[in-house]
Structures are given as C-alpha cells and as structure tokens.
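Structure first, then comments.
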Amino acid sequence: MSTREGTTTTPMAEPGEPGPTGVDDETFRDAMAGWASTVTVVAVRDMDDGRVHATTVSSFAPVSSEPPEVVVSLNPNAQALPFVREGGSLGISLLAEGQTRWARVFADPFPVGPMPWTDVGIPVVPGAAVALECAVRAVHATEGGSRLVVARVLGISGGETDRPLLYWQRGYHRLVDD
C-alpha cells in the first residue's frame with residue numbers, strides 16, 4: 001500500500017483473484033449485471049480527418065443540473081477513447097427501444113457498414129431517445145485503466161416519447177407497463 005496526501009491506495013488484483021477487499025473481477029461483474037442502465041453510445045469526431053469513433057457504454061449518469069453535466073466511463077479498449085480530450089466535444093446518445101442494432105454495432109471494437117453520422121457537428125445517433133451534445137470538461141483515469149469523462153451538456157434533443165433501450169443481466173431489454 002502507498003499513501004499520498006492522506007489517501008490510501010492498494011494494488012489491483014490479478015484477473016480472477018480476490019483483490020484487497022476480497023472481491024474478484026468475475027464476482028464483481030456478476031453482481032453488476034443486476035444493475036439496469038440505459039444503453040448509451042458515446043461518439044467523438046476525429047478533428048484531423050472528420051471520421052467519427054463511437055463506443056457503446058452502460059456506465060453513464062447525470063452529475064449536476066446547474067451547470068448541466070454528465071459523466072460516462074470509457075474502458076481502456078473503447079474505440080472512442082483515443083479521441084476524447086479535455087476541451088473537445090462528444091455526443092452522447094441514450095438509445096431508444098428499437099435501436100438494439102446500434103447498441104451491438106458500437107459494442108464491436110471494429111464496427112462495419114454505413115454509419116448514421118452527419119458530415120458536420122457533434123455526432124449523435126439519429127432517433128435516439130435522448131441525444132446530448134457535450135463539451136468535455138475533464139478526463140480522469142481509474143486504477144483499472146478506464147477513464148471517467150465529465151462533460152458539460154450544451155444541447156439536448158429527444159426525450160419526449162421514446163422509451164429507452166435497457167441493458168440488464170448481460171442482455172438488451174425494454175420497459176414493460178404494469
């Protein structure tokens with residue numbers, strides 16, 4: 001263990017082995033499969049060639065309403081991660097029930113086929129339940145190599161009637177009325 005400014009950090013466990021808390025990565029993943037979340041696509045435009053790089057994520061949350069900010073977690077292998085930078089922009093699309101195809105396409109590290117992006121502007125998935133155009137305020141590294149991206153919301157579209165696509169127990173689901 002090492003300490004810095006009164007905080008204590010512990011080394012990460014090897015995959016499949018219990019860490020300092022006694023929780024191994026497989027047990028943690030199994031437990032978190034019970035966390036239902038809106039399927040979210042994070043997209044960023046490469047400023048050099050204009051190409052869009054996007055990644056499906058399930059770790060997204062609003063942080064503040066004044067100012068409007070959100071946070072999203074990108075794993076170290078996320079296609080969009082190398083293009084996310086402080087001061088840059090990104091699009092966050094909360095997918096609608098009928099957009100399972102896009103969820104799968106952007107979960108693939110090498111998506112193929114025609115992409116939905118416009119030629120200019122912040123990329124969002126057309127028809128998303130909610131689309132957020134954002135400015136990246138901060139990028140924070142985690143011990144596991146993921147990056148927490150804090151973004152200021154500059155524009156919002158959608159959100160009137162579309163139901164979200166949910167991810168739960170390692171599969172895509174939809175809301176059902178009682």
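A short reminder: the numbers here are calculations on the coordinates, not readings from a lab. Nothing here was measured: the structure is a model prediction, and the numbers come from that model. In this analysis, Cβ positions are derived from the backbone assuming ideal geometry, glycine residues included, and neighbour counts consider all displayed protein chains.
Here r is the Cβ-Cβ distance between MET115 and VAL23 and R0 is 35 Å; the resulting FRET efficiency, rounded to 0.05, is 0.40. Its convex hull of Cα atoms gives segment 82-141 a direction-averaged projected area, equal to a quarter of the hull surface, of 5.0 nm². Taking other C-beta atoms within 10 angstrom as a stand-in for reagent exposure, THR100, THR27, THR38 fall in the order THR27, THR100, THR38, fewest first. Under the shape rule built on the C-alpha gyration tensor, where the axes satisfy a ≥ b ≥ c, segment 37-168 is rounded, since a/c falls short of 1.5. Under the simplified labelling scheme, the ILE156-TYR172 pair shows an inter-label distance of 2.5 nm, with each label point 7 Å from Cα along Cα→Cβ. Taking label points 7 Å from Cα along the Cα-to-Cβ direction, ARG101 and THR142 give a separation of 3.1 nm.
Counting other Cβ atoms within 10 Å as a rough exposure proxy, the listed residues ILE92, ILE156 run ILE156, ILE92 from fewest neighbours to most. Taking every alpha-carbon pair in segment 31-80 and binning the separations at 10 Å intervals from zero gives 22, 42, 30, 6, 0 percent. Each Cα pair under 8 Å and six or more residues apart adds its separation to the average, and for segment 37-168 the resulting relative contact order is 31 percent.
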